[in-house]
Amino acid sequence: MNIASNPIEGIAGKKIIILGSAHPLRGGGIATFNERLAKAFMQEGHDVQIFSFSLQYPSFLFPGTSQFTSEPAPVGLTIHSCINSINPFNWIKVGNQIKKIQPDLVIVRYWLPFMGPCLGSILRKIKKNRVSKVVCIADNIIPHEPKPGDQIFTKYFVKPVDAFITMSEKVKEDLLVFAPNKPTVFIPHPLYDNFGEKISKELARKYLNIELEEKIILFFGFIRKYKGLDILLDSIKILQTSYPSFKLLIAGEFYDDQKLYNEQIERLGIEQQLILRTHFISDNEVKYYLCASDLIVQPYRSATQSGVTPLAYHFEIPMIVTNVGGLPALVPDNKVGLIAEPTAASIAEKIIQFFKTGEQHYLPYLVEEKKKYSWSKMVDAIMSIAKL
């Protein structure tokens, strides 16, 4: 692949390498983002390769059932699965390989301090070519679930980075602790538009075997402590007596102790209000879960940004998000959705408010607001901050 040899008129194609998860890794949205970003750069005439992981997490650190997808590889992308996150000799090898390619730009994803030693070492090797600019897209700087060594690993990582893109103001603020003098710009998470187009609620529910007349609230994505599913379950108990004509659809794999949630559900006696699809949701099924829903609830305890929000925008599904981190900034209150406090009572109150108002109130705002979140804006911001 050599897109640069035939660039779009007026654009000098650059050699770009993206460091981060990609197919066949599932990546929890990061792989999907990286692949979509690569295509956005290619559409503007650049030569793009992705350097992904041959080993992303050791099995004892991975909470899910599998790190890999069975879906076909994305068409038209060059993906090298070659980075071993725990092998320093591999870091040297990969760093030297990319150094010799002499890319104009290296875009590196940072979402977990565990990756700091690996990615920081690779970047140090690359920078020795004195050609490549390094821009980091920082999903998180201070992790949701802190561990010993986080600050040391993050400090090591940020040193060879030239500039940063964040997708929430909260992460931009967190970066000041580690990189106060490096250029940083906030660009909202672009829309995920690679899961297909919006389909009818009737078609989506038929596929999922859900009754058309049900009111469906969706919790979507990997289930982790900070995402607050337990808070939402407590909300369902409140709603069970005051507003019983609904179901909570839980769609996503447990990355937390499933037993704790099962015990909570049994204790609350809310089994009849739940539809459990607690397995990994493949890319080709995402549209069915979103389009089957009346409302998406993100009951997070803490957050920077969320990949669920751009999904909701793409499929034009109203949201309730909690007033934590960067979530409220992307969800104008009483327009595209509602803002709740991270408590069961507040979330229950907002769910009732939503259904009393009706989803048609929110649709025009969703259609208008989603125009802000384009991939071309992300590409432009990266090129600008890299001074390319």
Open item on the list: Looking at Glu359 and the list (1) within 19 Å of Cys291 (Cβ to Cβ); (2) among the charged types (D, E, K, R); (3) at pLDDT 95 or above, which single condition is not satisfied?
Closed with: (3)
TODO: Looking at (1) under 29 Å from Pro72 (Cα atoms); (2) not in a loop (DSSP other than H, G, I, E, B), find the lone condition where Asn262 falls short.
DONE: (1)
Task: Selection status of Cys82, crowded, with 22+ Cβ neighbours inside 10 Å and either more than 26 Å from Val171 (Cβ to Cβ) or modelled with pLDDT of 90 or more (or both) - done: no
Open item on the list: Take the conditions closer than 20 Å to Ile30 by Cα, at pLDDT below 95 and in contact with a Ser or Thr (Cβ under 9 Å, 6 or more places away or on another chain) and apply them to Val171. Does it pass?
Closed with: yes
Task: the range 198-255: number of residues that are basic (Lys, Arg), within 25 Å of the chain's Cα centre (by Cα) and part of a loop (DSSP other than H, G, I, E, B) - done: 2
- [ ] Show the residue pairs that are 6+ apart or on different chains and have beta-carbon atoms under 6 Å apart, the first residue being within the range 357-374 and within 14 Å of Gly337 (Cβ to Cβ), the second being basic (Lys, Arg) and in a loop (DSSP other than H, G, I, E, B).
- [x] Tyr365/Lys335
- [ ] Consider Leu232 carefully, then state whether it is hydrophobic (A, V, I, L, M, F, W, C), assigned by TED's automatic domain parsing to the domain that holds Lys350 and in contact with a Leu (Cβ under 8 Å, 6 or more places away or on another chain).
- [x] yes
Task: Which listed residue is touching a strand residue (DSSP E or B) at 6+ places or on another chain (Cβ under 8 Å) and modelled with pLDDT under 95, from Ser293, Ser306 - done: Ser306
- [ ] Kindly check whether there is at least one residue in the range 282-294 that is free of Cβ contacts under 8 Å to residues at least 40 places away in the same chain and not acidic (Asp, Glu).
- [x] no
Task: Meets criteria (acidic (Asp, Glu), in a helix (DSSP H, G or I) and surrounded by fewer than 22 Cβ atoms within 10 Å (Cβ to Cβ)) for Asp193 - done: no
Open item on the list: For the range 293-307, which positions are under 14 Å from the mean Cα position of the chain (by Cα) and surrounded by fewer than 23 Cβ atoms within 10 Å (Cβ to Cβ)?
Closed with: Gly307
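Does Ser282 satisfy being more than 23 Å from Ile142 (Cα to Cα), modelled with pLDDT of 95 or more, assigned by TED's automatic domain parsing to the domain that holds Ile231 and of a type in the set (S, T, N, Q)?
Values: more than 23 Å from Ile142 (Cα to Cα): yes; modelled with pLDDT of 95 or more: no; assigned by TED's automatic domain parsing to the domain that holds Ile231: yes; of a type in the set (S, T, N, Q): yes.
No: the conditions fail for Ser282.
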- [ ] Identify the residue in the range 196-246 that is among the basic types (Lys, Arg), closer than 21 Å to Thr322 by Cα and touching a His at 6+ places or on another chain (Cβ under 9 Å) and, among all such residues, is surrounded by the fewest Cβ atoms within 10 Å (Cβ to Cβ).
- [x] Lys225
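For the structure I just gave you, tell me whether Phe246 is at pLDDT below 95, farther than 18 Å from Ser306 by Cβ and either assigned by TED's automatic domain parsing to the domain that holds Gly358 or among the small types (Gly, Ala, Ser) (or both).
Values: at pLDDT below 95: yes; farther than 18 Å from Ser306 by Cβ: yes; either assigned by TED's automatic domain parsing to the domain that holds Gly358 or among the small types (Gly, Ala, Ser) (or both): yes.
Against the criterion (at pLDDT below 95, farther than 18 Å from Ser306 by Cβ and either assigned by TED's automatic domain parsing to the domain that holds Gly358 or among the small types (Gly, Ala, Ser) (or both)), Phe246 qualifies.
Out of the residues in the range 101-158 meeting the condition of being in a loop (DSSP other than H, G, I, E, B) and at pLDDT 95 or above, tell me which one is nearest to Ile86 (Cα to Cα). Step through it out loud before you land on a result.
If we filter the range 101-158 for residues that are in a loop (DSSP other than H, G, I, E, B), which is where we start, we get 102-104, 111-112, 128-132, 139-149.
From the residues that got through so far, the ones that are at pLDDT 95 or above too are 102-104, 128-132.
Details: Gln102: 25, Pro103: 25, Asp104: 27, Lys128: 22, Asn129: 24, Arg130: 26, Val131: 27, Ser132: 24 Å.
This residue is Lys128.
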Task: Hits in the range 328-361 (condition: within 17 Å of Phe246 (Cβ to Cβ) and either among the aromatic types (Phe, Trp, Tyr) or within 23 Å of the chain's Cα centre (by Cα) (or both)) - done: Gly337, Leu338, Ala340, Ile347, Phe354, Phe355
Task: Residue list for the range 338-356, filter: touching a residue at least 40 places away in the same chain (Cβ under 8 Å) and either surrounded by 18 or more Cβ atoms within 10 Å (Cβ to Cβ) or not polar (S, T, N, Q) (or both) - done: Ala340, Pro342, Ala344, Ala345, Ile347, Ala348, Ile351, Ile352, Phe354, Phe355
TODO: Return the total of residues in the range 211-226 being over 12 Å from Leu248 (Cβ atoms) and either at pLDDT 95 or above or of a type in the set (Val, Ile, Thr) (or both).
DONE: 1
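The values are calculated or read from the model by the stated rules, or taken from the named source; none is laboratory data. Being a predicted model, the structure only gives us computed values, none of them experimental. Positions of Cβ are generated from backbone atoms using ideal geometry, with glycine treated the same way; all protein chains shown enter the neighbour counts.
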